[in-house]
Amino acid sequence: MALPAARKMSSGMSAGESIYLVEMLKGLALTMTHIIKNIFDQDRFRTVEYPDVRKSMTERYRGAHRLLLRPDGKVKCVACMCCPTICPAKCITIIAGEDPNDAAEKFPVEFDIDMLRCIFCGFCVEACPKDAIRMDTRIYEINAYTRQAMVHNKTYMVNLMDGLKPPAEEFYRANPDNAPAGFAGDEPAVPVGQPFVNLAAGAEASGAGRAR
Amino acid sequence: MTFDDVLPYLVALGRCVFAVVFVMQILPLLIWAERKGAAYIQDRPGPNRAHVMGIRAAGLVHTLNDVVKLIMKEDIVPGHVEKRYWAAAPVIAMSVALCTFIVVPFGDNFMGYQLKVSDIDGGLLFVLAATGMGVYGVMLAGWASNNKFSLLGGLRASAQMVSYELSMGLSAVVVFLIAGSVSLSAIAEMQAGAIWNWTVFTPMGFIAFVLFWTAAFAETNRTPFDLPEGEAELVGGYHTEYSSLRFALFFMAEYANMIVASSVTATLFFGGYNLPFVTPAQLREHADWVLMAAALAAPTFVYFAYEANKRKQRPFYQALPAGDARLKEPMVFVGLWLGAAVAHVGIGIAGALGLASKLSLNFISFGYLESTAVFGPDLVTAIVGITVLAAKILFGCWFFIWVRWTVPRFRYDQLMDLGWKRMLPLALGNVMFAAIWVAFFPTGLISTLFGSK
Amino acid sequence: MPKVKINDVEVDVPAGTNMIEAAALAGVEIPHYCYHPNLSIAGNCRMCLVDIVGGRAPEIACNMVAREGLAIRTDTPNVKKMRQSVMEFLLVNHPLDCPICDQSGECRLQDYYMEHGNYDSRGIEEKVSKHKRQDIGDKIVLDAERCVQCSRCVRFGDEVTETGDLRLMNRGDHTEIGMFPGERLEHHYQGNLADICPVGALTNKDFRFQRRVWYLRETASVCNGCATGCNIQVCHQEGEVFRYLPRRNDAVNKSWMCDHGRDLVPGIAGLNRILRSKVDGQAVDVEAALSSLAARLKAAKTVGVVLGNRATNEGNWALLQAVRKNLPNAKVYAVAGNDPGSVEFADKLLIDADKNPNSAGVRLLAGVDGRVGDAADLGSALGSIDLLLVLQDDVLGRLAGHGKPAAVAFLGVSKNATSEAANILIPVCHTVEMDGSYVNRTGRVQRLRRAVTAAGDALPAWLVLERLGAKLGAAPGTGMVATAFNAMAKVVPAMKGMEFKALGDAGLPLAVEPAAVAATEALA
């Protein structure tokens, strides 16, 4: 089989362009125009000087999730599992329980969203049949020093509704009873360089290693 | 041992310190200019967060932060490198860059001493030789890193530098022909006086300048010829394995090379330390007038102060909470600019009083020191020379930055194509053209035709 | 074999087949609520209405017996309209409970609404409210509002358990399913009510709110609760088993299973499991445990080996092989009877008195071997045995009151009296964690399938014993369960011609041949 004939590489440039110099000067002129404009009118910049100036998000901005309450003060959520099912990041963990005194029968004993995993797609809001979860807080500063504090739990997300906006870490420190498991105040719960779970010990401790 | 015995050594030491300090002072400024220029070209504010007691100095403090950061960072020595050569590479790169500077004249003679580090006869040849050495730093870094990306970066750098050094040397030959000397001092002196004495304003000089300047981009590994560190394909190129101060040395060497390339170009093609239409002799003669002229800058500073005052109204300052250190920033700048204006007016008054032409050690010490040799005019000439050269260097460096943020990177085959197939023939032809031209107009076109110098 | 025609597709169906089944044979699905293949025909849901070609009016397919030349259509606009109307009618008073209803995901109302309903609601009146969340039995929660009055549960109570406990009461819109006041479900088959209920009216208390069904994966296996060997689906997610569902096999359990079988689910991941192998109380890995077991078996003067009534055929076969090839002096026993603590209940329907899933298999292999002692033999010899190797059965518990062997090695799933006394302990897989086969009380070889990963260090018993055989000297097996079964089937006359793959979902009955009579006599 014959090799394909060597093709002359064509740059597609005209003679004038192939000298580069003229085109170069054109480019330099363009960039210089920007510089001069920007020096004399610094308000042209669209940059938001973030920690000092904060952008206010639109109504439709998807921020941190909050859980809504019914008029009687209980969470609207009935643990139907639509949101963990639709969640593409698999960041929602709900443990359902039965409330014998409530007509809704089912309620979330635990409702955790791992904000480290969340991709803020808003599918959970779309999927909810009870309008129990919304992302309309417009909170976009979600950060913490530990992985545990990045888990927003039921109590925290319910409290976000009151316009209360402490970082989860602060909230958990103030309400240690409502902090997620493993959240330990100031120190990282898992020392750096340690494996997350001691698999051998963990399996022995929790029976078959997969306790419910 | 008398003072006169020690003096030559002191002078030599002073020259070296001056050359190093000169380059090292421009470096942070260039880094700042690179960032701010890039930002302004791209319609964003650029570095403006770091501050010292609320003074951000338009982002200059970031460079200070960088220095601290680079010093504090862990110096990682990867296990697979050839330690000795690997450690030597950044030192070579930086010291070669600084070495090149020793033959560049900063001004006309000061009290009989040349204003350059060493009066090497080779002059320009030394520059070419030293920049040729520069490739060793990059090559060693690439090879000693023992890493295929670094090696490729080093290979690219050496191939590219070798290719472009030819055109660069041939362009310099044109200047030799015109000046009849390889000494940079002589070349600078030759260009004193009228602006058309500058080499760049001769036909072959202009072509030589374009070729030399383009080759300088390749020699300094700057965009559009920064293929040795093409991060898209080579991670970091030859400095992939370097961190902390070793990386900083490479980083600074790049800027030092820019300064050197600009200073050599300024000297070869743009009259060096000479102001157009004013020879050093004229400067000496009218030193007082020069001082008085400095006062003309005062209104500019006042205008700057006015602008700085207006910045208080910007939304950024309006949004700051009361008590933020940055709130006093505009007033500090107003003070600085007004101070500069007052200083310049003062210099003007000094000129008007004719101080420059009386300046001697005897004069300064109110008669206590005996030396009555007047060095005022020489000092003014030297300062003007250094300032003019610095201005030309800064413009050259700015041009490097400007080009970097304007054009994209060449492809490697395009780079080689340009170097060998276009620039080299052009440079050769230009040398022949220059030889013929110089034979017909030995002292330059205008001088030859009109007989003026 | 009458030939019927469904939507232009002609099929031969067995005589007496109703048209829902006939249509299924033709690849046509006819939606239905009240029809259930193992219950009588009620015909009250009207969902299976079909057009008869040349007929006067539509009829219900469930009550239409196939006859020669019968032709029906399920794709006419008329049928579509009828289905839509029936759906609308059934949903008129159905509450929108889906978010809290356990049936979501396997609900006929949801499925058929999407397939055949898809109408816009015309409801403007209040829905009739009925009694919700009634506790009617140990296993069942009744929500009368969700009921579509198909009467499957009523017929189940009348025909299968013959307890007649659930009834439809009142009339019209107010028809409501319920129990007589003060009564509770008392039978052992309550779980089936939740299974046959096509909607969420009857839900299982144990599974209630545990997991959404769409997360669950199903693996066909066999219940290990008793000798009946009910066919089940193991429903599991990410290594965790959540429930057993009966799997229809008319030769074994029809569509039913007992509540005792369902109660075995928590034990799979329970605290009682043996997770690590131990030698004299020291945790070691399985290989080390097997090595010391092999060494001690060789060193011991009198070795007793007990086949496992709770172990698979492959496990028992591998044990027999390992012993017979390497330990000529060892005595092999099979101890019938139930482990202490197992449910003492039996009935005529499904629940057998023998709580071992594979007693028949052990009897079969013992018959082939010919030298296997029984419980009485072991009981008298127990005190003189140096090392007793036990596979899964709680032999020391069953033979409590007899002597104690000098040392015990136990390959087991859960902790019990034998594991407590064991000097060498090796974990083996639970039924749902491995492939294999059981022989049930009627002599049907049925296949297990691996549903979840093994807990701890557990390995399938046959694999452990093949490795033990290799350590004792015999050539190791191929390490594949199918090969192990096929090798056994070649030797066992009653299994002649069986292949592991051919067992399928329904299992195969043992062949009764003259040579195998001795082995199969006991099966009756």
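The values are calculated or read from the model by the stated rules, or taken from the named source; none is laboratory data. All values derive from a computational prediction rather than experimental measurement. Please note: Cβ atoms are built from the backbone with ideal geometry, for glycine as well, and neighbour counts cover all protein chains shown. These area figures cover heavy atoms from the full protein model, side chains too; ligands, DNA and RNA do not enter into them. Shrake-Rupley method; radii C 1.70, N 1.55, O 1.52, S 1.80 Å.
At a glance:
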item	result
Simple spin-label estimate for B:LYS69 and C:ILE52 in nanometres, 7 Å along Cα-Cβ	8.7 nm
Per-residue HN-Hα couplings for the stretch B:94-105 [Karplus 6.51, -1.76, 1.60; θ = phi - 60°; Hz; x = Gly/Pro]	6, 5, 5, 4, 6, 4, 4, 6, 6, 9, 7, x
Shielding of A:40-51 by partner chains, average beta-carbon count, 10 Å	3
Hits among lysines - C-alpha to C-alpha of B:LYS421 under 25 Å, sequence gap 8 or more where chains match	A:LYS8, A:LYS26
Accessible area of chain B divided out per residue, in Å², using a probe of 1.4 angstrom	47 Å²
Considering only chain C, percent of DSSP beta bridges that pair antiparallel, nearest 5	65 percent
A/C buried area, accessible surface, summed, 1.4 Å probe, Å²	2100 Å²
Isotropically averaged projected area of the protein assembly as shown, using the convex hull of Cα atoms (one quarter of hull area), nm²	75.3 nm²
Scattering profile of chain B at q = 0.07, 0.08, 0.14 Å⁻¹ [log10 I(q)/I(0), Debye over alpha-carbon scatterers]	-0.43, -0.56, -1.41
Amide H contacts of C:VAL222 (H built 1.01 Å from N, under 5 Å, at least 5 apart or other chain)	C:ILE232, C:ARG449
Whole-number accessible area per residue in Å² for the stretch C:151-203, which is evaluated in the context of all protein chains at 1.4 Å	42 Å²
Accessible surface buried upon A-B contact (total; probe 1.4 Å; Å², nearest 100)	2300 Å²
Expected 222 nm ellipticity per residue - DSSP helices of 4 or more, -39500 (n - 2.57), all of chain C, to 500	-6500 deg cm²/dmol
Placed amide H near C:LEU202: partners under 5 Å, 5+ positions off or other chain	C:ASP143
Candidate aspartates and glutamates for bridging to B:LYS358, where Cα separation is under 16 Å - those fewer than 8 sequence places away on the same chain excluded	B:GLU285, B:ASP288, B:GLU370, B:ASP378
Unsatisfied cross-links (Cα-Cα over 21 Å) in the set C:LYS331/C:LYS471; B:LYS69/B:LYS328; C:LYS254/C:LYS348; C:LYS254/C:LYS496; C:LYS254/C:LYS501; A:LYS130/C:LYS80	B:LYS69/B:LYS328; C:LYS254/C:LYS496; C:LYS254/C:LYS501; A:LYS130/C:LYS80
In Hz, Karplus ³J(HN,Hα) per residue of the stretch C:372-382 (6.51, -1.76, 1.60; θ = phi - 60°; x = Gly, Pro)	8, x, 9, 4, 5, 4, 5, x, 6, 8, 4
Residue mean of other protein chain beta carbons inside 10 Å, B:408-419	1
Percent RCO, i.e. relative contact order, over the stretch B:288-419, from Cα pairs under 8 Å lying at least 6 residues apart	27 percent
The stretch B:227-267 and the stretch C:324-367: distance between their alpha carbon centers, rounded to Å	82 Å
Peptides B:282-289, A:117-124 ordered by average Cβ neighbours within 10 Å, highest first	B:282-289, A:117-124
Fraction of beta bridges assigned by DSSP in the protein assembly as shown that are antiparallel (%, nearest 5)	75 percent
Protection proxy ranking of C:468-474, C:73-79 - average other beta-carbon atoms within 10 Å, highest first	C:468-474, C:73-79
Relative contact order (%) - chain C, alpha-carbon pairs under 8 angstrom, separation at least six	11 percent
Beta bridge orientation in the stretch C:277-521: antiparallel %, DSSP, nearest 5	35 percent
Under 26 Å from the Cα of C:LYS81 - lysines, other chains or at least 8 residues apart	C:LYS5, C:LYS127
Computed over the stretch A:66-181: relative contact order in percent, which uses C-alpha pairs under 8 Å that are six or more apart	28 percent
Protection proxy ranking, peptides C:365-373, B:123-131, B:361-369, average beta carbon neighbours within 10 Å, highest first	B:123-131, C:365-373, B:361-369
Normalised convex hull volume, the stretch C:277-521, alpha-carbon set, Å³ per residue	123 Å³
Per residue value of the accessible surface for the stretch C:277-521 (all protein chains in place, 1.4 Å probe), Å²	39 Å²
Two-decimal ratio, the stretch B:1-119, of alpha-carbon radius of gyration to 2.2 N^0.38 Å	1.47
Rounded Å value of the spacing that divides the Cα centres of the stretch B:322-355 and the stretch A:18-38	35 Å
Sequence-distant residues sharing a close amide H with B:PHE110 (under 5 Å, placed H)	B:LEU115
Drop in accessible area of at least 30 Å² in the complex versus isolated chain, residues of the stretch B:33-76, 1.4 Å probe	B:TYR40, B:ILE41, B:ASP43, B:PRO45, B:ARG49
Chain B: calculated mean residue ellipticity at 222 nm from DSSP helix runs of at least 4, using -39500 (n - 2.57)	-21500 deg cm²/dmol
Percent carbon-and-sulfur accessible area, the protein assembly as shown, ignoring ligands, DNA and RNA, probe 1.4 Å	60 percent
Backbone HN-Hα couplings from phi across the stretch A:42-51 [Karplus 6.51/-1.76/1.60, Hz, Gly and Pro as x]	6, 7, 5, 5, 8, 4, 9, 7, 3, x
